[in-house]
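Worksheet for the structure shown next.
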Amino acid sequence: MKKLFVTGGAGFIGSAFIRVALEELPECEIVNFDALTYAGNPDNLIGLDGRRHRFIRGDIADRAAVIGALEPDTDAIVNFAAESHVDRSIASADEFLRTNVIGTQVLLDAARARGVQRFLQVSTDEVMGSLPEDERAFFTEASPYAPNSPYAASKAAAEHLVRAAHHTFGLDTVITRCGNNYGPRQFPEKLIPLAIANAMSDEPIPVYGDGQNVRDWIYVDDHCRAILRVLQRGRSGEIYNIGARNERRNLEVVEAILEALGKPRSLIKFVKDRPGHDRRYAIDPTKVETELAWRPRETWESGLEKTIRWYVENQEWVERARSGAYREYYARQYGME
Ligand code: NAD
């Protein structure tokens, strides 16, 4: 892989992926195509090697812009660009359909038009819905689609379009599905950075419902190394579930953060549950482990420690991300100033 076209590379996971790919593929150049929505942050690109990384501001649903930016010698498109927050999709699904569905189709068409070798779609375990709290149930690549939120439905639709491009046009596609990521540079509307940021400034931490919802957490760089492995060696047309076998209840996650920061449990504030809130996600990563010999490097403890340290050492990043429109969103979402 010499030239990658990465979309959404100014976001949380996309920017981590660019760092990992530039490090692991010394010959590789990356074009980073990102619309810089509220979640895209140019600060996330600070320190990247300007000789091998080029940023282009653009919208994946804009056909002419995509075609114009996609160079014919591109080896692969890696599609991270998405509206990614479930709560926002409940408030309005419009942008989710435009970016996640139409944008994916535009990229697939552009890949064919430009003769791009491989297309990797970054997807989510949420396309498979919610699991019972029975510990023996896990998502596998064969689990049926059962998306429960507008966000998950838009990501499931995107997977169908990727599948169709493979089946109908023979495009070389792969899909990765991951659980909840955590790590540096995550927009503080998501649970872990929100809890860290609020705890650091002694503000209450909103926790939905009874806090017993289970998520399967993975450190972002581990996810990115798995994506790279699938990009290089995954079988065409296949789906790979990526997970670190790390199920945690939301309340347990917040308590671990408070403990690490030496803050009181009284900062936890239970708020009205999210409508249709999925109870449990849990991924069986056997396929990516056995076929592609991928394993996570971080444990939950080491990953969380690194993550908290990053936010403590980068409080300016946090404050910039939490200024302006974020404040309005936060007050509306949780009824808290
Ligand atoms: P993010 O919200 O931090 O970043 C999304 C990026 O996409 C931003 O930089 C934004 O500017 C860009 N973008 C949005 N609309 C665009 C458009 N129309 N054209 C071009 N760029 C656009 O999201 P993230 O958490 O980094 O997630 C990245 C991908 O991984 C998404 O596809 C998401 O569905 C998937 N995913 C995320 C998680 C998670 O835990 N965060 C888990 C599984 C899968």
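Quick grid of which residues meet (1) under 25 Å from Ala152 (Cα atoms); (2) surrounded by fewer than 17 Cβ atoms within 10 Å (Cβ to Cβ):
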| site | (1), (2) |
| --- | --- |
| Glu252 | yes, yes |
| Arg279 | yes, yes |
| Lys287 | yes, no |
| Thr307 | no, no |
| Arg332 | yes, yes |
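Check every one of the helices (runs of 4 or more DSSP H) wholly within segment 231-330 and list those with 2 or more residues that are among the aromatic types (Phe, Trp, Tyr) and at pLDDT 95 or above.
300-313
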- Query: Filter segment 117-136 for residues that are charged (D, E, K, R) and in contact with a helix residue (DSSP H, G or I) (Cβ under 8 Å, 6 or more places away or on another chain); which is surrounded by the fewest Cβ atoms within 10 Å (Cβ to Cβ)?
  - Reply: Arg118
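Can Thr104 be described as β-branched (Val, Ile, Thr), under 17 Å from Arg185 (Cα atoms) and either in contact with a helix residue (DSSP H, G or I) (Cβ under 8 Å, 6 or more places away or on another chain) or within 12 Å of the ligand (Cβ to nearest atom) (or both)? Walk me through it before giving the result.
Details: β-branched (Val, Ile, Thr): yes; under 17 Å from Arg185 (Cα atoms): no; either in contact with a helix residue (DSSP H, G or I) (Cβ under 8 Å, 6 or more places away or on another chain) or within 12 Å of the ligand (Cβ to nearest atom) (or both): yes.
No; evaluated as a whole, the condition is false for this residue.
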- Message: Based on this model, can you work out whether Leu4 counts as more than 11 Å from the ligand (Cβ to nearest atom) and in contact (Cβ under 8 Å) with a residue 12 or more places away in the chain?
- Response: yes
- Query: From the list Ala142, Ala110, which residue is farther than 30 Å from Gly68 by Cα and out of contact with any Asp or Glu (no Cβ under 9 Å at 6 or more places or on another chain)?
  - Reply: Ala142
- Could you count how many residues in segment 189-204 are away from the ligand (no atom under 11 Å from the Cβ) and of a type outside the set (Gly, Ala, Ser)? 7
- Residues located in segment 22-50, provided they are loosely packed, with under 14 Cβ neighbours inside 10 Å, touching a residue at least 12 places away in the same chain (Cβ under 8 Å) and either of a type outside the set (Asp, Glu) or within 21 Å of Val66 (Cβ to Cβ) (or both): Pro42
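The values are calculated or read from the model by the stated rules, or taken from the named source; none is laboratory data. Remember, it's a predicted structure, so these values are computed and weren't measured experimentally. Cβ atoms come from the backbone with ideal geometry, glycine included; neighbour counts cover every protein chain shown.
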